[in-house]
1. Of the numbered conditions (1) closer than 30 Å to residue B:225 by Cα; (2) surrounded by 14 or more Cβ atoms within 10 Å (Cβ to Cβ), residue B:169 fails exactly one; give the number of that condition.
2. Among (1) surrounded by 14 or more Cβ atoms within 10 Å (Cβ to Cβ); (2) within 22 Å of residue B:135 (Cα to Cα); (3) more than 7 Å from chain A (Cβ to nearest Cβ), there is one condition residue B:89 misses while meeting the rest; what is its number?
3. When residues of segment B:46-57 are filtered for being at the interface with chain A (Cβ under 8 Å from one of its Cβ atoms) and outside any helix (DSSP H, G or I), how many remain?
4. Yes or no: residue B:72 closer than 24 Å to residue A:44 by Cβ, facing chain A (nearest Cβ under 8 Å) and buried (at least 23 other Cβ atoms within 10 Å of the Cβ)?
5. Which residue, of B:234, B:184, is buried (at least 17 other Cβ atoms within 10 Å of the Cβ) and either within 27 Å of the chain's Cα centre (by Cα) or not in a helix (DSSP H, G or I) (or both)?
6. What number goes with the only condition from (1) part of a helix (DSSP H, G or I); (2) of a type outside the set (Ser, Thr, Tyr); (3) in contact (Cβ under 8 Å) with a residue 12 or more places away in the chain that residue B:131 does not pass?
7. Consider residue B:19 against the criteria (1) exposed (fewer than 15 other Cβ atoms within 10 Å of the Cβ); (2) touching a residue at least 12 places away in the same chain (Cβ under 8 Å); (3) under 25 Å from the mean Cα position of the chain (by Cα): it satisfies all of them except one. Which criterion is unmet?
8. Which one of A:29, A:48 is surrounded by 10 or more Cβ atoms within 10 Å (Cβ to Cβ), within 14 Å of chain B (Cβ to nearest Cβ), free of Cβ contacts under 8 Å to residues at least 60 places away in the same chain and touching a Leu at 6+ places or on another chain (Cβ under 8 Å)?
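The values are calculated or read from the model by the stated rules, or taken from the named source; none is laboratory data. Because the structure is a prediction, the values reported are computed rather than measured. Cβ placement follows ideal geometry from the backbone for every residue including glycine, while neighbour counts extend to all protein chains displayed.
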Amino acid sequence: MPQIAQLSETYASQIFWMLVFFGLIFFVIGKGMVPKVMETVAVRDKQIADDLAAAEAARKAADDQEEAWRVASNNQRGEAQALIAKAKAEAAKATEGRLAGVNAAIDQRLAEAEQRIAGARAGALEEIETVASEAAGDIVARLAGVTVDAAAARVAVKEALNG
Amino acid sequence: MAEAGKVDPMHQFTIEPMFGTDHWEIAGYSIPFTNSALWMAITTVVLFLFVWGGMKRQLVPGRWQMAVESMTSFVDNLLAANVGPAGKKYVPYIFSLFMFILFANVLGLLPLMLVGVHPFTFTSHFSATGVLAIMSFAIVLIVGFWRHGFHFFSLFVPHGTPLWLIWLIPVIELVSFLVRPFSLALRLFVAMMAGHVLLEVLSSFVIDSMNSGALWGTVVGLPSFLLMIAICALEILVAGIQAYVFALLTSLYLNDAENLH
């Protein structure tokens with residue numbers, strides 16, 4: 001076993017070179033390079049954390065803005081609806097008023113027309129009676145040769161017409 | 001090396017001076033640049049290239065940068081989970097430890113023999129793992145006494161110790177505490193050595209049985225070869241697990257020193 005057989009002749013060399021090379025590694029690589037590598041990692045981790053925080057903040061701001069927009073839009077919608085309702089009510093009122101006016105005018109014209117119709121009918125009836133009584137007087141004069149008094153003929157015709 | 005025709009599974013762990021540096025010494029201690037030191041150097045270079053490739057510092061990482069960052073994050077999470085916020089300052093040490101062992105283990109497993117290079121796994125030497133273990137242990141001691149002073153000794157009296165056991169528990173705790181560097185060093189060294197010996201023994205079965213003829217090649221060589229494939233996969237797993245265990249235990253010990261119960 002060379003580890004033991006050669007120990008007395010090699011231990012000094014082993015220890016010396018071990019210290020030399022491990023010292024080199026420790027001071028050059030461990031102390032010199034590893035902190036820089038770790039710093040790079042730390043910088044990256046910090047950048048990632050910062051970016052995440054910025055993204056989170058941006059998300060929060062967006063949420064806030066959306067909330068504000070929602071509130072504003074709700075308010076505006078409410079106002080618009082109130083406006084529409086008011087306009088509708090006003091329009092309905094105006095329509096009602098105009099309808100009432102037009103109705104009254106129509107009613108008046110209807111009444112006038114009915115009155116005119118009633119007048120015309122009464123005139124027509126009277127004329128029919130007159131014509132009928134004259135016709136009746138003529139017919140009686142021709143058939144019976146009797147001259148009938150116009151007033152009597154009229155009374156007789158009225159009785160016949162009105163039952 | 002054993003005599004020709006036989007495979008010595010331990011030969012792969014032999015340390016040899018390289019490039020004629022046998023005579024190098026400091027204060028009387030001979031410190032030749034060995035094959036072990038060479039692979040420490042290779043591990044260092046490969047690890048440097050790996051981390052350097054991940055230093056582009058892009059905001060959106062490429063694959064390589066992602067790989068390096070996942071390793072540092074892995075160590076960071078390990079320390080955060082086991083030590084807490086105070087563990088952040090140990091990231092360079094635990095990262096160096098974990099990656100050094102991981103790369104050493106994996107590089108030692110590479111089939112570089114195909115291109116004529118003999119990989120050497122220096123983590124299969126307790127003289128190498130011991131340095132790392134003692135270093136971790138020393139850091140735990142220094143941090144512990146630095147932060148808590150002599151109060152650090154209360155580590156040996158866990159909460160809820162019955163009064164009548166107060167003479168025994170600290171002794172057991174002290175022993176288990178002092179065993180830590182040995183368990184750290186030996187666990188890694190044994191695991192790596194055992195795996196490499198096993199692979200070497202199995203490969204010698206394959207080669208020797210093939211040389212003995214088609215019958216033995218089929219009966220012994222083929223199953224050994226299939227087993228080798230499975231064990232190679234296992235060894236890759238072990239390479240990662242042992243590096244992880246070393247780093248995990250070190251961070252657990254650091255937790256004792258930092259937070260003391």
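1. The single condition residue B:169 does not satisfy is (1).
2. Going through (1) surrounded by 14 or more Cβ atoms within 10 Å (Cβ to Cβ); (2) within 22 Å of residue B:135 (Cα to Cα); (3) more than 7 Å from chain A (Cβ to nearest Cβ) one by one, residue B:89 breaks only (1).
3. Number of matching residues: 3.
4. yes
5. The conditions single out B:184.
6. Result: residue B:131 fails condition (3) only.
7. Only one criterion in (1) exposed (fewer than 15 other Cβ atoms within 10 Å of the Cβ); (2) touching a residue at least 12 places away in the same chain (Cβ under 8 Å); (3) under 25 Å from the mean Cα position of the chain (by Cα) is unmet by residue B:19, namely (3).
8. Exactly one of A:29, A:48 is surrounded by 10 or more Cβ atoms within 10 Å (Cβ to Cβ), within 14 Å of chain B (Cβ to nearest Cβ), free of Cβ contacts under 8 Å to residues at least 60 places away in the same chain and touching a Leu at 6+ places or on another chain (Cβ under 8 Å), namely A:29.
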